[in-house]
Amino acid sequence: MVAADTQDWNPETYARFRGLRLRPALDLLGQVGNLPPGDIVDLGCGDGAVGPALAARWPGRHLIGVDASPAMLDAARRGGVYADLVQADVADWVPDAPPALIFSNALLHWLDDHDRLMPRLAGLLAPGGTLAVQMPGQHDGASHSLLRALALQHLPGLFDFASYQPPVADPVHYMRLLAPLGQVGAWETTYIQRLAPVLAPVEDGHPVRSFTQSTAMRPFVEKMTTKEAATYTAAYDAALARHYPLEPDRSVLFPFRRVFLTLTIPG
């Protein structure tokens, strides 16, 4: 949901875990205080999952959804809660007017150079406005580190992680980065997600793959042939089974770390 590419996002696959993906957004929303006059921007709105909560919290505000994916924007449009929906690459997006709130749930980990990006977004706010961000911090978890390790093992000529940098920093880093700009909150939460078979119906596969295949796994498989992807997926399933064993009811307990920050600039 960052930049448009040859294969658009699949809203149906992404929405399979809507409840698990929405809870961190609601936790972040609870930490946003009073806002000055101005628009509410759902940055990386996806299929519009957070839109109703934003509209309920600030009724009557002009709610704008921004996303790079036409398919996701079409899904968000059907919800009917956004006053405007804008297709844009978030790395270059600039609002028509300074918003009171830029709310970004599970998007900014797809963009590089957070030391430049976060201050840039803060600079777009209206006086007294708030930037509120939630990003998966799962890069060191087995669900994500296995994707890199197996890509190197099976397709060493296709992938190179020699200069790999985690897409999301420690909350302490964001606190230090943004403290000169205003009042900052930064924290992390590990959610123990129970992936039941009804949520993760991967035939002959692992439930965690159902969670990652529409997000973290997607950029890897897009570079592979059909045969390469099948071999890679089978190896990933086998490795996931060792790290995330099935519970007696055939569900899986899946710890997932998320990083949060809020920044309120002076009025």
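Quick note: the coordinates plus some simple rules give every number you see, no bench work behind them. If you're wondering where the values come from, they're calculated on a predicted model, not measured in any experiment. Virtual Cβ from ideal backbone geometry, glycine too; neighbours counted across all protein chains shown.
Numerical summary
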| read-out | value |
| --- | --- |
| Neighbour net charge for Pro136 - beta-carbon separation under 12 angstrom, K R +1, D E -1 | +1 |
| Longest exposed-site-free window of the chain, the sites being GluC sites (Glu not before Pro) in a DSSP loop that have at most 12 other C-beta atoms within 10 Å | 1-202 |
| Fluctuation leader among Val252, Val81, Val94 - the chain, Gaussian network, Cα springs under 10 angstrom | Val94 |
| Kyte-Doolittle mean at least 1.0 and Cα axial length at least 30 Å: DSSP H helices in the chain | none |
| Semi-axis lengths (Å, descending) of the ellipsoid that matches the C-alpha gyration tensor of the range 11-264 | 33, 20, 18 |
| Neighbour-count order for Ile192, Ile40, fewest beta carbons within 10 angstrom listed first | Ile192, Ile40 |
| Of all DSSP beta bridges in the chain, antiparallel share, percent nearest 5 | 55 |
| Formal net charge of residues neighbouring His114 (Cβ-Cβ distance under 14 Å; K, R +1; D, E -1) | -1 |
| Residue order, fewest to most surrounding Cβ atoms within 10 angstrom, among Asp92, Asp67 | Asp92, Asp67 |
